[in-house]
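Any read-out appearing in this document is the output of simple, stated calculations on the displayed coordinates, not a laboratory observation. Quick caveat: nothing in here was measured; it's all calculated off a predicted structure. Cβ placement follows ideal geometry from the backbone for every residue including glycine, while neighbour counts extend to all protein chains displayed.
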Amino acid sequence: MNSPNADDRVRAVFDRMVADGLRRDSFQGASDERIDRMAAEQGVARVPEAVREVLRLIGIRSGLWLAGTAFGVEEMTGERKRHAIASLGGLDHDLVDAEGLLALTAHQGYAYHVVDGADLDRDDPPVWSVVEGESVTKAWDSVSRWFAATAPDVADLRDVLDVMAEMGKNLPAWARDVEPR
């Protein structure tokens, strides 16, 4: 039996989260054309297949996935990539092609998730965590595992909503992104 390819692994994570209760309509994916424009803006010639699939699923609107973090084809600009590269200054790291990296996320202007430029030809490459002034680590051995690790905890979100409802509080806007029990 064939092992699942990068697309299948990413889709399996997404489908599991939808089955767990994230509303499918809370996400909007990006077209391949828009993904290619983002890549061009970041100055990379190839987007790994697993990254492309993540962006096809949630690259325009990511709902509760990566909430509070800049992500997607509109957010991950050439400027954000330059900031990620600048964050490497003075830090020891094992990135082979830092200048050619693909920036996946930016969090509050000091923390980034990136793919090493040397790994862009791999279908499901490792994802690195860059924290300005602190560290550069290979945090996940693949994009598909990064995608799974950054998924919201639906059970926890439901618990928060249940407590808020019990307390008579108005539910937050994000409550519409979670299917009721």
Degrees, to the nearest 10: 6-20 long Cα axis against longest axis of the chain: 20 degrees
Under 5 Å from the placed amide H of Ala139, counting only residues 5+ away or on other chains, we find Val127, Trp128, Ser129
Please state the equivalent ellipsoid semi-axes for the chain: what are the square roots of 5 times the Cα gyration tensor eigenvalues, largest first, in whole Å? 29, 19, 15
Residue-wise, which Karplus ³J(HN,Hα) couplings in Hz belong to the range 113-130, taking 6.51 cos²θ - 1.76 cosθ + 1.60, θ = phi - 60°, and x for glycine or proline? 10, 9, 10, 4, x, 6, 9, 5, 8, 8, 5, 9, x, x, 10, 9, 9, 10
In degrees, nearest ten, helix 78-87 long axis to first principal axis of the chain (Cα): 70 degrees
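Ranked from highest to lowest mean number of other Cβ atoms within 10 Å per residue, what is the order of the peptides 118-124, 151-157? Don't skip to the answer; put the middle values down first.
Details: 118-124: 17.4, 151-157: 15.3.
Highest-to-lowest ranking by the protection proxy: 118-124, 151-157.
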For labels at Arg23 and Trp174 in the simple 7 Å Cα→Cβ model, what's the distance in nm? 1.5 nm
So the angle from the long Cα axis of helix 32-42 to the longest Cα principal axis of the chain, reported in degrees to the nearest 10, equals 50 degrees
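Among residues other than Gly72 whose Cβ falls under 10 Å from its Cβ, what is the net charge (Lys/Arg +1, Asp/Glu -1)? It would help to have the intermediate numbers written out before the result.
Values: positive: Arg34, Arg61; negative: Glu74, Glu75.
Neighbourhood net charge equals 0.
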Between Glu74 and Glu134, the two model label points (7 Å from Cα along the beta-carbon direction) sit apart by a distance in nm of 2.9 nm
